[in-house]
Each structure stands twice: as C-alpha cells, then as structure tokens.
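Heads up: the structure comes next, in structure tokens.
The values are calculated or read from the model by the stated rules, or taken from the named source; none is laboratory data. All values reported here derive from a predicted model rather than from experimental measurement. Reconstructed Cβ throughout: ideal geometry from the backbone, glycine too, with neighbour counts over all protein chains shown. Accessible surface areas use protein heavy atoms only, side chains included; no ligands, DNA or RNA. Shrake-Rupley method; radii C 1.70, N 1.55, O 1.52, S 1.80 Å.
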Amino acid sequence: ATPPAPLPEDFAVPKGYEVPDADFHDTFVEDTLRSVGKTIVLTGPPGRGKSTYLSALCDTLADKDIPTARHHYFLSTTERGRDRLNSHVVEESIRSQIKRFHPDVPCQHGSLRALLEAAAAHYKELNKPFVLILDGLDHVWRINAGDKKPLEDVFAQLVPCPANMVLLVGTQPVDDAQLPADLLVAAPKATWKTLPPMSGDAVLSYLRQAVQAGRLSTGLEPAETEQPGAAHE
C-alpha cells in the first residue's frame, strides 16, 4: 500500500506581514542561532500571532540558509484527515521533511532521536545549527481530552536536546500539568520568551502597506482634502 502523504506543515504568513517588534525579532534570531544543544520556548496569549511569527521566523532562517524541520500540532480549523497529535504521525512528518529537504543527512532507520542526532551532526560539519520547531503544544491537551501522552512520547526522544540541534517550542501559557515533564526540565518557565505585541513602528508600517495596496482608505483622498486658502469657520 502507498504510504499516506506527509502532513502539510506550512502555516501561512499573510502578505505584508510585519514581525511585531524588529528588535525582538533580531535578538530572537541571534539567540536561536547561539542555542545549540538547548530548548527555547516562545509563548504568548491567544491571538497574538505566535504561530504566524514562528512561520515568519522559518522564512528568516531559510534566508540565512539555516536548516530546519517543524511540526504544528494545530494548523487550521478546516483541516481534515490525519491526526496531527498522534506521536507516530508527528515522527513521520519530521522524518519526511528531513528526507525531502535534507537529503544529504545519512539515512537512519532507527529512532527519531537517532535521525535528529544524525542531522545535527551532519550540519555541524557545515558550521550550521539544525533547528527543530514544534508549535501549538497547548492544543494537545484540549483536543486530546486532557491526555498529554502524545507530547510525552515525542519529547522523550527530543530531550535532552541533541548536540548542535536547537529545539524551538511554541505554546500558549498553560498549566504545567498540560505540558511534557521533559520540556519543563529542559526549559523552565522562568526562561520562556514572550512574543511582544506590535510596536508602534510595526503598526505604522502595516498601515502604510495596507493603504498602498488599496486595502485601507485614509479618508484623505484628493477630492476630500481641504483646498489651500479655503475659509475656516
């Protein structure tokens, strides 16, 4: 039988997207590249755009030619089909990405852990970190009736983080009981980084793009502007 197609993992970045804060983004990228062998957690309240930001971060890393793989535990409300929570499906998704996008990594038929260690070792010879991104951990508890075993099974193979790999995790702030114990040991909540709200510069840049693209009217079209010399009431 033909194996099912791998899960889609592209969380769409809207056209004209601006990172919420350029200084935060620059620092976060640098911290990521310096954190080989470590786990980083990015958090933020619902609706702040954490998943969109992490996808934009993937684009930034791609521009820098940094190798990545990722899995989103939640992609969209309209997605149907294979269970994104199942630990076996998660492992196969990561395996398929490494096979497709990192074909020079020596083939490993053992555990996911062995494959990640091989990928990290391969890129160490090229002086690059290997970045694995797991997003949406907070969805697992809600969707899976309070059972976090799928997370525990996956994180048992990821933690401690392999040498030369960076494990980057995205989750809303949730109780410890909803998260894998291995994650909390590797990255205590005191070390988590919070995605900031949009800065004034980011808002202004977004509005300028919206006006230029015709998606937003300023209400100051030429026919409506006050004529020079007009009498003031």
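Residue-wise HN-Hα couplings along region 125-138, as the Karplus relation 6.51 cos²θ - 1.76 cosθ + 1.60 with θ = phi - 60° gives them from phi, are 5, 9, 6, 10, x, 9, 10, 10, 10, 10, 10, x, 4, 5 Hz; Gly and Pro carry x.
Taking a ≥ b ≥ c as the square roots of the eigenvalues of the Cα gyration tensor of region 24-168, is the shape rounded (a/c under 1.5), prolate (a/b larger than b/c) or oblate? Verdict is oblate for region 24-168.
Surface composition of region 150-193: carbon plus sulfur atoms hold 58% of the accessible area, using a 1.4 angstrom probe and ignoring ligands, DNA and RNA. 3J(HN,Hα) along region 156-169, derived from phi through the Karplus expression 6.51 cos²θ - 1.76 cosθ + 1.60 where θ = phi - 60°, amounts to 4, 9, 9, 10, x, 4, x, 4, 6, 10, 10, 9, 10, 10 Hz, with x in place of Gly and Pro.
With a cut-off of 12 Å between beta carbons, the residues surrounding residue 23 carry a summed charge of -4, where Lys and Arg count +1 and Asp and Glu -1. Rounded to the nearest 0.05, the FRET efficiency derived from the C-beta distance between residue 65 and residue 27 at R0 = 22 Å is 0.65. Note on residue 141: accessible area is roughly 80 Å² with a 1.4 Å probe, heavy atoms of protein only.
In terms of accessible area, using a 1.4 Å probe and ignoring ligands and nucleic acids, 29, 19 rank largest first as 19, 29.
For region 23-35, putting each phi into the Karplus relation 6.51 cos²θ - 1.76 cosθ + 1.60 with θ = phi - 60° gives couplings of 5, 4, 4, 4, 5, 5, 4, 5, 4, 4, 5, 9, 9 Hz, in residue order, rounded to whole numbers and with x for Gly and Pro.
Computing FRET efficiency as 1/(1 + (r/R0)^6) for residue 185 and residue 83, where r is the C-beta to C-beta distance and R0 is 35 Å, gives about 0.85. Counting only residues at least eight positions apart within a chain, or on another chain, the lysines with an alpha carbon under 27 Å from that of residue 193 are 15, 38, 50, 64, 124, 128, 148, 149. Sequence-distant or interchain residues sharing an amide H contact under 5 Å with residue 194, placed H: which? Answer set, sorted by chain and number: 43.
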